[in-house]
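The block underneath contains the structure these notes are about, expressed in structure tokens.
Nothing in this text is a laboratory measurement; each read-out follows from the coordinates by a stated rule. Please read all numbers here as calculations on a predicted model, not as lab measurements. Glycine gets a Cβ as well: all are built from the backbone with ideal geometry, and neighbour counts include every protein chain shown.
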Amino acid sequence: MPASTDQSPKTTVITGAGSGIGRATARCFLDAGYTVVLAGRRRAPLEETADGHPQAHLVPTDTTRPDDVERLFDYVRSELGHLNVLFNNAGTFGPAGAVDEIPLDEWEQTVAVNLTGSMMCAAGAVRLMKSQNPQGGRIINNGSIAAHAPRPLSAAYTTTKHAITGLTKSIDLDGRPYGITCGQIDIGNAATALMENIGSGTGALQPDGTRRTEPTFPVEEAAGAVLYMAQLPASASVGSMVITASGMPFIGRG
């Protein structure tokens, strides 16, 4: 499907923009001509992501704090006036463990970051997209391969990523009257600093208890997939996209 040919300025909010997939996606959108609001807990990593780009706006934000989230979208409304895209990307792997091994406070923190934070950011974006003229916009949630199948000892992370799928579908359904679409990208084994041990070193824990190195793919390709979803014309939407390293143990038995 062709990308939109609309050349008017576009504004994107990207959470978790200080590293990994968020950083790569922010730079991809900046290179494509978007105005990008970089949200993350610490200013210094956001400055590294922006690298002095004139269309990058830094808004340090802890997405688990309602006041921070409100301030983020107030900034977009007052300083930029319009929001086209939210990439709901901030997340944490959380504790490693089976359901009987996870400390309750670590479970709750994982839910706060991965699910409640995503909900609050989506709510802020939807309020703005409903009130702006013209109405509408696009929300893209970063799910995970874990939204389809867990890795061993990932109960907290996997549960939140399954829940993101329900959040995505509900936002998309409820956004229809306002021209708001919501899709989900599920990324497997993008080469980021957090995934270094999977592609080399100790490898990834497998269901049989062994560890195995797995293929990875450039994180810039994942960023490009997010940009593709964002650039579709309003008449089209990607509800769900899975992008993985070729040959990673996801489909079948490895």
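Work out Dmax and Rg for the stretch 124-254 from the C-alpha atoms and quote the Rg first, both in angstrom.
16.9, 55
Order these by the 10 Å Cβ neighbour count, fewest first: D51, D100, D172.
D100, D51, D172
Label S246 and A149 with points 7 Å out from Cα along Cα→Cβ: what is the distance between them in nm?
The modelled label-to-label distance comes out at 1.9 nm.
Counting other Cβ atoms within 10 Å of each Cβ, which GluC sites (Glu not before Pro) in the stretch 42-143 have at most 12 and sit in a DSSP loop?
Hits after loop and neighbour filter: E101.
Exposure proxy check: I145, I140, I251 ranked by fewest other beta carbons within 10 Å?
I251, I145, I140
Give me the percent of DSSP beta bridges within the chain that run antiparallel, rounded to the nearest 5.
5
Using θ = phi - 60° and the Karplus form 6.51 cos²θ - 1.76 cosθ + 1.60, what ³J(HN,Hα) does each residue of the stretch 231-236 get, whole Hz, x for Gly and Pro?
8, 4, x, 4, 7, 9
Do me a favour and compute the ellipsoid semi-axes for the chain from its Cα gyration tensor, root of five times each eigenvalue, largest one first, whole Å.
29, 19, 18
What's the exposure ranking of R65, R138, going from fewest to most Cβ atoms within 10 Å?
R65, R138
What angle do you read, to the nearest 10 degrees and between 0 and 90, between the alpha-carbon axis of helix 66-75 and the longest principal axis of the chain?
Compared with the principal axis, the helix lies near 40 degrees.
With springs connecting C-alpha atoms under 10 Å apart, model the chain as a Gaussian network and identify which of F29, F217, F87 has the largest mean-square fluctuation.
Of F29, F217, F87, the most mobile in the Gaussian network model is F217.
Hey, can you grab everything whose amide H is under 5 Å from the amide H of I180? Only 5+ residues off in sequence or another chain; H modelled, so Pro and N-termini drop out.
Hits under the 5 Å cutoff: G137.
Using each residue's phi in the stretch 219-226, evaluate 6.51 cos²θ - 1.76 cosθ + 1.60 at θ = phi - 60° and report the 3J(HN,Hα) Karplus result to the nearest Hz, with x for Gly and Pro.
Here the 3J(HN,Hα) series is 4, 4, 5, 5, 4, x, 5, 4 Hz.
With charges only on Cβ, +1 for K and R and -1 for D and E, what is the dipole size of the stretch 101-254 about its Cα centre, in debye, rounded to 20?
It works out to roughly 460 debye.
With +1 on each Lys and Arg Cβ and -1 on each Asp and Glu Cβ, and nothing else charged, work out how big the dipole of the stretch 77-148 is about its Cα centre, in Debye to the nearest 20.
Result for the stretch 77-148 is approximately 700 debye, rounded to the nearest 20.
Return the long-range amide H neighbours of A90 (sequence gap of 5 or more, or a different chain), with a cut-off of under 5 Å between placed amide H atoms.
T15, G16
Which residues among the stretch 147-162 fall inside the zone where the amide N is under 14 Å from a point 7 Å beyond the Cα of E106, along Cα→Cβ?
So the set is 153-158.
By how many degrees, between 0 and 90 and to the nearest 10, does the Cα long axis of helix 155-175 differ from the longest principal axis of the chain?
Approximately 30 degrees, to the nearest ten.
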